[in-house]
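Working notes for the structure below.
The values are calculated or read from the model by the stated rules, or taken from the named source; none is laboratory data. None of these values were measured; they are calculated from a predicted model. Every residue, glycine among them, receives a Cβ derived from its backbone with ideal geometry; neighbour counts consider all protein chains shown.
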Amino acid sequence: MYTFNGQRLRQAREEKGYSQRELAEKLNTKQPYISKLEKGLSEGVMFFRLGQLADVLGLQVSDMIIWSEDSERIKPDGTTRVVDNPGAD
């Protein structure tokens, strides 16, 4: 499982000089959605949206998520994969 890091989104957006509205336009969505993401009020963020955010903001998807310890495994190349049964490896 993962949690979206809204603070990191806001930081990256501000570093790029985008308003919430400008970022929303680049993602073909609405400004209130960006506001909810930044405040942590969104129920979940789809992986395709994470990819879009990462592309627009020049980040890696992993920069915007916090993995819970019980569901992650770090692969040798440094990427993370989610496993359904953490003890099964």
Per the list (1) assigned to a helix (DSSP H, G or I); (2) buried (at least 16 other Cβ atoms within 10 Å of the Cβ), residue check on Pro32 breaks on (2)
Out of region 42-66, which residues are farther than 18 Å from Glu22 by Cβ and not in a helix (DSSP H, G or I)?
Ser42, Glu43, Gly44, Val45, Met46, Gln60, Ile65, Ile66
Only one residue in Leu57, Leu53 is touching a Phe, Trp or Tyr at 6+ places or on another chain (Cβ under 9 Å), at pLDDT 90 or above and of a type outside the set (Val, Ile, Thr), so which one is that?
Leu57
Quick one: which of Glu69, Glu43, Glu38 is acidic (Asp, Glu) and modelled with pLDDT of 90 or more?
Glu38
Meets criteria (among the charged types (D, E, K, R), out of contact with any Gly (no Cβ under 8 Å at 6 or more places or on another chain), at negative phi and modelled with pLDDT of 80 or more) for Lys75:
no
So in region 9-28, with the set limited to residues that are charged (D, E, K, R) and within 12 Å of Gly58 (Cα to Cα), which one is surrounded by the most Cβ atoms within 10 Å (Cβ to Cβ)?
Arg13
I want to confirm something. Restricting to region 35-52 and keeping residues that are of a type in the set (A, V, I, L, M) and under 15 Å from Ile66 (Cβ atoms), which single residue is surrounded by the most Cβ atoms within 10 Å (Cβ to Cβ)?
Leu37
